[in-house]
Amino acid sequence: MIELNELLQQIWPLANSHVLAAEEVPIQQALGRVLAQAVHSTLNVPQHDNSSMDGYAVNTADFPSLKPFAVSQRIAAGHSPDALMPGTVARIFTGAPIPKGANAVIMQEEAELEDGGLVSFKSAPSAGQWVRYAGEDIAEGQVVLAAGEVITPFQIGLLASIGIPTVRVFRRLKVGVLVTGSELVNPGQPLQAGQIYNSNEFVWVSMLQEMNVDVHSLGIVQDRLQDTADALQKLSDCDLVISSGGVSEGEEDHIKPAVERVGQLRSWKVAAKPGKPMAFGHINRKDGGQCWFFGMPGNPVSSAVTFLLVVRPFLAQLMGQHPERADWRPKVQKRKVGFEWLKPDSRREEFVRVKESHVGGPLQLFPNQSSGVLTSMNWATGLARIPKGQVILEGEEVDYLDFRELTA
Ligand code: AMP
Ligand code: MG
């Protein structure tokens with residue numbers, strides 16, 4: 001058996017071992033894509049000192065007393081003002097540039113219009129009030145986004161705010177999915193005796209869609225060696241293929257021999273529960289290239305947990321994301337448990353389904369931790385990582401991994 005940490009150390013670096021092609025896309029189409037190069041700002045945001053209020057631009061040096069002032073110009077947003085005439089004030093509106101010679105804004109609610117077009121103020125201003133300074137949001141030359149970021153709506157807004165219409169992103173990856181099992185039937189079909197509904201494919205395809213990859217699912221493959229090998233071959237033009245089920249040593253388990261027919265395989269018994277049997281390798285392409293392969297257990301919880309802990313971070317790195325961003329291990333948090341764990345597995349660490357009802361509160365344990373119980377994944381907010389052989393008493397701390405961290 002191999003420890004999970006050891007396995008991750010062996011396989012994750014392989015995802016960074018090649019250079020991924022990049023393409024330029026309009027920012028409107030960049031959502032969820034991975035940035036291929038850092039973006040610097042070529043300008044200050046805001047570009048000019050400007051007013052954050054409707055009011056009057058003034059020079060604080062003109063306020064030894066509160067005498068009425070003449071209004072020497074009117075500056076609306078989009079205007080380019082003249083310098084402020086000494087001893088006067090300028091009418092100004094939100095977003096309009098502060099004129100040279102002014103250093104503060106008095107809001108219009110503090111102003112009173114006098115006869116003869118003069119204006120007086122209730123109190124003296126302090127320097128800088130209601131002024132937004134050039135570059136206070138983004139300074140010219142600043143790195144706005146780093147390579148390897150997954151682009152969010154706010155980041156698209158930032159790019160627009162510095163006038164950038166297109167960005168360089170890594171190409172989208174193509175991921176193949178197949179689920180093995182002669183007992184499987186798709187929803188919409190009636191169930192015959194001995195059959196079960198295929199759910200793994202739907203979980204995976206949804207999680208892959210959330211990662212913004214191009215998903216090619218072959219669906220259900222019967223437990224026959226040649227069918228399995230043919231299915232793998234069909235998906236070999238993908239960047240990565242994942243399969244569920246058939247990865248153990250039983251007579252009906254054909255994944256390992258099938259991969260050996262069409263590519264190369266390394267398989268492990270991982271010292272982690274759920275998710276013990278796992279296969280990893282590649283499928284050969286006709287053009288001499290290779291496609292990565294992960295074979296995961298068929299049990300719905302095992303396959304989902306293995307996907308989240310092992311495959312998703314590998315794929316994220318394959319997509320060009322930063323290894324640190326993809327690694328969930330630094331994201332675990334210490335939490336007290338509201339349950340006891342008295343019969344630990346002596347040989348395998350365990351990832352149990354738990355719920356954190358309120359932030360920082362004690363973790364509750366889902367009563368049925370069987371690897372076939374998908375309701376546990378729906379109920380839970382995350383996984384608690386329990387070291388092998390460790391008894392845990394109520395009130396003691398464990399490492400907690402929130403699902404949001406695993407899917408961020
Ligand atoms: P296997 O890993 O093929 O031995 O499958 C382990 C268990 O998971 C069996 O009970 C299967 O019926 C179940 N299983 C396999 N594939 C799926 C699937 N696609 N959806 C739901 N359950 C599955
Ligand atoms: Mg099976």
**OP:** Specify which of the listed residues (Val332, Val301, Val305) is more than 16 Å from ligand 1 (Cβ to nearest atom) and β-branched (Val, Ile, Thr).
**Re:** Val332
Original post:
Which residues, counting only those in segment 344-378, are over 18 Å from Met207 (Cβ atoms) and not in a loop (DSSP other than H, G, I, E, B)?
Top reply: Glu349, Glu350, Val352, Val354, Lys355, Glu356, Leu363, Gln364, Leu365
Subject >> Residue tally, condition out of contact with any helix residue (DSSP H, G or I) (no Cβ under 8 Å at 6 or more places or on another chain), farther than 23 Å from Arg261 by Cα and part of a helix (DSSP H, G or I), over segment 306-327 >> reply: 1
Original post:
Any idea which residue in segment 362-380 is farthest from the chain's Cα centre (by Cα), counting only those that are crowded, with 16+ Cβ neighbours inside 10 Å and hydroxyl-bearing (Ser, Thr, Tyr)?
Top reply: Ser371
**OP:** Being more than 16 Å from Gln233 (Cα to Cα) and over 25 Å from the mean Cα position of the chain (by Cα) is the filter here, so list the residues in segment 273-306 that pass it.
**Re:** Lys273, Lys276, Pro277, Met278, Ala279, Pro297, Gly298, Asn299
Subject >> Considering residues of segment 220-252 that are surrounded by fewer than 20 Cβ atoms within 10 Å (Cβ to Cβ) and within 9 Å of ligand 2 (Cβ to nearest atom) only, the residue modelled with the highest pLDDT >> reply: Asp223
Original post:
Within segment 349-382, can you find the residues that are under 16 Å from Ala304 (Cα atoms), more than 16 Å from ligand 1 (Cβ to nearest atom) and of a type in the set (Ser, Thr, Tyr)?
Top reply: Thr381
Subject >> Any chance Val19 is modelled with pLDDT of 95 or more and aliphatic (A, V, I, L, M) >> reply: no
Subject >> The listed residue being surrounded by 13 or more Cβ atoms within 10 Å (Cβ to Cβ), under 30 Å from Tyr197 (Cα atoms) and at pLDDT 95 or above, out of Leu145, Leu159, Leu173 >> reply: Leu173
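Okay, residues lined up against (1) surrounded by fewer than 23 Cβ atoms within 10 Å (Cβ to Cβ); (2) out of contact with any Gly (no Cβ under 6 Å at 6 or more places or on another chain); (3) touching a residue at least 40 places away in the same chain (Cβ under 8 Å); (4) under 24 Å from Gly32 (Cβ atoms):
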{"site": "Arg285", "(1), (2), (3), (4)": "yes, yes, yes, no"}
{"site": "Gln290", "(1), (2), (3), (4)": "yes, yes, no, no"}
{"site": "Gly295", "(1), (2), (3), (4)": "no, yes, yes, no"}
{"site": "Asn299", "(1), (2), (3), (4)": "yes, no, yes, no"}
{"site": "Val310", "(1), (2), (3), (4)": "yes, yes, yes, yes"}
{"site": "Leu315", "(1), (2), (3), (4)": "no, yes, yes, yes"}
{"site": "Met319", "(1), (2), (3), (4)": "no, yes, yes, yes"}
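The values are calculated or read from the model by the stated rules, or taken from the named source; none is laboratory data. None of the values given here were measured: they were computed from a predicted structure. Cβ sites come from the backbone with ideal geometry, for glycine too, and all protein chains shown count toward neighbours.
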